[in-house]
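Heads up, the thing below is written out as structure tokens.
The values are calculated or read from the model by the stated rules, or taken from the named source; none is laboratory data. Bear in mind the structure is a predicted one, so any value in this text is a computation, not a measurement. Here the Cβ positions follow ideal geometry from the backbone for every residue, glycine too, while neighbour counts run over all protein chains shown.
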Amino acid sequence: MTRDRSRSSAEGRLERGDPLGRAMLAQQRGDPGRLVYRDGADAQDGNVAEFYFAPPESWAPETIECLEYLSDAGPVLDVGCGAGTHLLWWADRGVEAAGVDVSPNAVRTARERGLEAVLVGDMFDLPVATDAFGAVQAVGTQIGLGRSLAGIRELLAEFARVTEADGVAVVDSYNPNRLNADFFGYRSDPREGIAHRCFHLEFERETADGERQREVGRTLQFLLCSPVRLREATTGTPWDVRDAVQDDGAARYRAVLEKPG
């Protein structure tokens, strides 16, 4: 399912600090440190065990429904697969699935958990062949890393490339119309249904000989968009937003994308 390509600027992005991947790998190896989200003086615990290693029994019913929906359209590509928790769920059910993550240490973690079809790669230039998958999952608000509606459109075009003519995709975001300035990393925007989020990650641990290690990642900038704005971002792509599921009072939503053809 991989495709040949020459070295590109995307590969350079894989060489940055990798605090989230380091935190996942340390958790997997039973030597966890502490992952922290930072935005200026504000800090928030990364909760690696809860977010990336929680058993399916603790997942929300909506998560299981989403995984089952994608299973029916497989094979599935999990973009930003992290430690491979969803890939393990599919593997246990005999669903063909592969993962891509920009973090080399996240990929190493997933492989140590028994997953083989996991690649290091940039989601804007996925290292997989055209039409190789029936479905794409990109959750964790990753589409926001497009940083603009045009950037999200570019990302959706890449998801369209790697999926079949009747492919589906599931993405998620936060609806700015349900957020306020207290939301971690929040940045306002004068446009309706648009906001931004900025923070960086830091991972700290103490080695067996008492040495303190600290790894700092680059600043991450996300575009947050309402379901209406996400529909706008699909313009010019093969995708239509079939549904956007948002619980009452919740800001985060999942959107199901389909190719009308």
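Inside the range 191-208, can you point out the residues that are assigned to a loop (DSSP other than H, G, I, E, B) and surrounded by fewer than 16 Cβ atoms within 10 Å (Cβ to Cβ)?
Matches in the range 191-208: Arg191, Glu192, Thr207, Ala208.
Among the residues in the range 169-183, are any assigned to a helix (DSSP H, G or I), surrounded by 18 or more Cβ atoms within 10 Å (Cβ to Cβ) and either of a type in the set (A, V, I, L, M) or at pLDDT below 95 (or both)?
Looking through the range 169-183, none of the residues is assigned to a helix (DSSP H, G or I), surrounded by 18 or more Cβ atoms within 10 Å (Cβ to Cβ) and either of a type in the set (A, V, I, L, M) or at pLDDT below 95 (or both).
Output the residues belonging to the range 64-83 that are out of contact with any Phe, Trp or Tyr (no Cβ under 9 Å at 6 or more places or on another chain) and within 30 Å of Glu204 (Cβ to Cβ).
Selection gives Gly80, Cys81.
Is it the case, given these coordinates, that Val120 is more than 16 Å from the chain's Cα centre (by Cα) and either small (Gly, Ala, Ser) or at pLDDT 95 or above (or both)?
In short, no.
Only one of (1) closer than 13 Å to Gly80 by Cα; (2) more than 12 Å from the chain's Cα centre (by Cα) is not met by Phe133, so which one is it?
(1)
Those residues that are crowded, with 16+ Cβ neighbours inside 10 Å and in a loop (DSSP other than H, G, I, E, B), I need them from the range 209-261; list them, please.
Of everything in the range 209-261, those that are crowded, with 16+ Cβ neighbours inside 10 Å and in a loop (DSSP other than H, G, I, E, B) turn out to be Gly217, Ser226, Thr234, Thr237, Pro238, Trp239, Gln246, Ala251, Lys259.
For Arg205, are the conditions met, namely being at pLDDT 95 or above and basic (Lys, Arg)?
Considered against the rule, which asks whether it is at pLDDT 95 or above and basic (Lys, Arg), Arg205 comes out as no.
Taking the range 127-154, which residues are buried (at least 23 other Cβ atoms within 10 Å of the Cβ) and in a helix (DSSP H, G or I)?
Once the filter is applied, which keeps residues that are buried (at least 23 other Cβ atoms within 10 Å of the Cβ) and in a helix (DSSP H, G or I), the range 127-154 yields Ile143, Gly144, Ile152.
Can you report the number of residues in the range 189-211 which are over 25 Å from the mean Cα position of the chain (by Cα) and among the acidic types (Asp, Glu)?
Final tally of qualifying residues: 3.
Identify all residues within the range 88-116 that are free of Cβ contacts under 8 Å to residues at least 24 places away in the same chain and within 24 Å of Ala165 (Cβ to Cβ); write none if there are none.
Trp90, Glu96, Ala97, Gly99
What are the pairs, 6+ residues apart or on separate chains, where a residue within the range 174-198 that is under 19 Å from Arg38 (Cβ atoms) and in contact (Cβ under 8 Å) with a residue 24 or more places away in the chain has its Cβ under 9 Å from a residue that is acidic (Asp, Glu) and surrounded by 15 or more Cβ atoms within 10 Å (Cβ to Cβ)?
Close Cβ pairs satisfying both conditions: Phe184/Asp39; Gly185/Asp39; Arg197/Asp39; Cys198/Asp39.
Among the residues of the range 96-137, write down those that are within 23 Å of Leu156 (Cβ to Cβ) and polar (S, T, N, Q).
Ser103, Thr130, Gln137
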